[in-house]
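*Asks:* After the structure tokens below, expect a handful of questions from me.
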């Protein structure tokens, strides 16, 4: 081989060796994951008291933090009705400027049994944390490596806003370890949003709780800017790509670039959205699986109301007896004795019913499977971002208004009830038609049990049949099976 060929081959090899690592570094691997808990991982990181020392002067072993069990968004919703299953967003359906989290199937509602059967939104949706990074392998735990935000002794007596920490690692990666979120290397970005719910739980919104963007997700250009927003989409699970979207929420954080940090927005203009109502099928399953609980709880509530009424009647009779004429006293005393005996009997029955309810299974149940999808969008221009936001608003049928202040929750709650969107009759206000019919039915049942045979007993049975018919009429309108129990 002549000298010219040798020099040419050496140059070619050098160029190929230089290009290989550069090509690999140009597209660092990362994914987007979402986590949810009652507080934010970053924005709400608490201060901790200094770690106590051992007798030899060394710090005691740092114990795992209680109450910070935060998993992936789908893992937080423990499923009893269905198994969780993951599915990547199909490339054809994904926006080119959007990075998606994995979608999962989960149950949106949970039935608790304390003090009575009640449907609530599943888990404690207080804050959503979105992390864009390379993650360590599944099953890796890093919580023990978390360096807590230990309170500096010299600042202990100062207002909390002036507290300082003695720790040396204030990195986002360390803060994430508190929730056992284990990233490999540096994060690309973290976004947090708080969930706010209306007083009756029928409306919600997302509010910016802060973000840290070390590098943009759509470009490696450190001088580039993007208009960023992130979305949460709740859909009915479907075998096809055309899922029924139940609700879409979003947070618009405006123009950002590499190195942008935000501490959260105090703006109260985030849109209010309707919480997806319980489906008819899920409602039927709930009624079937909690039938015994609801019957016992209904009698307990009716007995409590009856005892309260009896106490008022006894107080009134005592006042009348004190001032009654001799020809009325004997009759009033007999009535007082009857009510007092009924009170004792119902009090004993209430104790028995309470004990019966405590013996029933109390494990929370879950209903209404949905899929959750998280997307982080970085648009090259503010105009494109506004067009996307306008499209979200236009297509969002569950949008019920924008906040005008802290009192807006009550206004929205009333408007939602007027539209018949209350998801849980048991959690609705006592003036709802369902609640009135239910209470009358159980009150009539308790009254029928308390009445002796004869005319009074026949009247009580007649009232019970009428109350049951009315209750069943309301239940049928909601797609529920009729009740058939009698005392």
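The values are calculated or read from the model by the stated rules, or taken from the named source; none is laboratory data. Not measured: the values here are computed from a predicted model. Quick reminder, even Gly has a Cβ in these numbers, built from the backbone with ideal geometry, and neighbours come from all protein chains shown.
*Asks:* Under the condition of being part of a loop (DSSP other than H, G, I, E, B) and over 20 Å from the mean Cα position of the chain (by Cα), which residue from the range 363-395 is modelled with the highest pLDDT?
*Replies:* Quick first cut of the range 363-395, residues part of a loop (DSSP other than H, G, I, E, B) only: 363-364, 380-381.
Filter again for over 20 Å from the mean Cα position of the chain (by Cα), leaving 380-381.
Values: 380: 88, 381: 84.
Only one residue fits best here, namely 380.
*Asks:* With the condition kept exactly as written, say whether any residue in the range 363-380 is closer than 16 Å to residue 253 by Cα, assigned by TED's automatic domain parsing to the domain that holds residue 105 and surrounded by fewer than 20 Cβ atoms within 10 Å (Cβ to Cβ). Outline the logic, then answer.
*Replies:* Just the residues of the range 363-380 that are closer than 16 Å to residue 253 by Cα, to begin with: 374-380.
Still in the list and also assigned by TED's automatic domain parsing to the domain that holds residue 105: 374-380.
Pick out the ones that are also surrounded by fewer than 20 Cβ atoms within 10 Å (Cβ to Cβ) and you get 380.
Checked the range 363-380: at least one residue is closer than 16 Å to residue 253 by Cα, assigned by TED's automatic domain parsing to the domain that holds residue 105 and surrounded by fewer than 20 Cβ atoms within 10 Å (Cβ to Cβ).
*Asks:* Looking only at the range 337-354, decide whether some residue is part of a strand (DSSP E or B) and either in contact with a strand residue (DSSP E or B) (Cβ under 9 Å, 6 or more places away or on another chain) or touching a residue at least 12 places away in the same chain (Cβ under 8 Å) (or both).
*Replies:* Step one: filter the range 337-354 for residues part of a strand (DSSP E or B), giving none.
Within the range 337-354, none of the residues are part of a strand (DSSP E or B) and either in contact with a strand residue (DSSP E or B) (Cβ under 9 Å, 6 or more places away or on another chain) or touching a residue at least 12 places away in the same chain (Cβ under 8 Å) (or both).
*Asks:* Here's another thing I want to ask about it. Quickly run through the range 248-298 and pick out the residues that are in contact with a helix residue (DSSP H, G or I) (Cβ under 6 Å, 6 or more places away or on another chain) and in the same structural domain as residue 442 (by TED's automatic domain parsing).
*Replies:* Once the filter is applied, which keeps residues that are in contact with a helix residue (DSSP H, G or I) (Cβ under 6 Å, 6 or more places away or on another chain) and in the same structural domain as residue 442 (by TED's automatic domain parsing), the range 248-298 yields 296, 298.
*Asks:* In addition: Run residue 171 past the list (1) under 24 Å from residue 37 (Cα atoms); (2) surrounded by fewer than 17 Cβ atoms within 10 Å (Cβ to Cβ); (3) at pLDDT below 90 and report the number of the one that doesn't hold.
*Replies:* (3)
*Asks:* Same structure, new question: In the range 181-198, what count of residues is obtained for those that are surrounded by fewer than 20 Cβ atoms within 10 Å (Cβ to Cβ) and either in contact with a helix residue (DSSP H, G or I) (Cβ under 7 Å, 6 or more places away or on another chain) or without any contact (Cβ under 8 Å) to a residue 24 or more places away in the chain (or both)? Spell out the reasoning first.
*Replies:* Of the residues in the range 181-198, the ones surrounded by fewer than 20 Cβ atoms within 10 Å (Cβ to Cβ) are 182, 184-186, 195-197.
Still in the list and also either in contact with a helix residue (DSSP H, G or I) (Cβ under 7 Å, 6 or more places away or on another chain) or without any contact (Cβ under 8 Å) to a residue 24 or more places away in the chain (or both): 186.
Qualifying residue count, the range 181-198: 1.
*Asks:* Quick check on residue 245: is it under 23 Å from residue 366 (Cβ atoms) and not assigned by TED's automatic domain parsing to the domain that holds residue 128? I'd like the intermediate steps shown before the answer.
*Replies:* Details: under 23 Å from residue 366 (Cβ atoms): yes; not assigned by TED's automatic domain parsing to the domain that holds residue 128: no.
No: the conditions fail for residue 245.
*Asks:* Here's another thing I want to ask about it. Test residue 231 against the stated conditions and say whether it is modelled with pLDDT under 90, in the same structural domain as residue 99 (by TED's automatic domain parsing) and in contact with a helix residue (DSSP H, G or I) (Cβ under 9 Å, 6 or more places away or on another chain). Steps first, please.
*Replies:* Working: modelled with pLDDT under 90: yes; in the same structural domain as residue 99 (by TED's automatic domain parsing): yes; in contact with a helix residue (DSSP H, G or I) (Cβ under 9 Å, 6 or more places away or on another chain): yes.
Yes, satisfied.
*Asks:* Which residues, counting only those in the range 156-165, are surrounded by 13 or more Cβ atoms within 10 Å (Cβ to Cβ) and either in contact with a helix residue (DSSP H, G or I) (Cβ under 6 Å, 6 or more places away or on another chain) or assigned to a loop (DSSP other than H, G, I, E, B) (or both)?
*Replies:* Step one: filter the range 156-165 for residues surrounded by 13 or more Cβ atoms within 10 Å (Cβ to Cβ), giving 163-165.
Result: 163, 164.
*Asks:* How many residues, within the range 258-274, are modelled with pLDDT of 85 or more and either part of a loop (DSSP other than H, G, I, E, B) or closer than 29 Å to residue 118 by Cβ (or both)?
*Replies:* Looking only at the range 258-274, we keep the residues that are modelled with pLDDT of 85 or more, and these are 258-264, 272-274.
Among the residues that remain, those that are also either part of a loop (DSSP other than H, G, I, E, B) or closer than 29 Å to residue 118 by Cβ (or both) are: 258-260, 263-264, 272-274.
So the answer is 8.
*Asks:* Name the pairs whose Cβ atoms lie under 6 Å apart, with the first residue in the range 438-456 and in the same structural domain as residue 298 (by TED's automatic domain parsing), the second assigned to a loop (DSSP other than H, G, I, E, B), and 6 or more positions between them or separate chains?
*Replies:* 445/487; 448/487; 449/487
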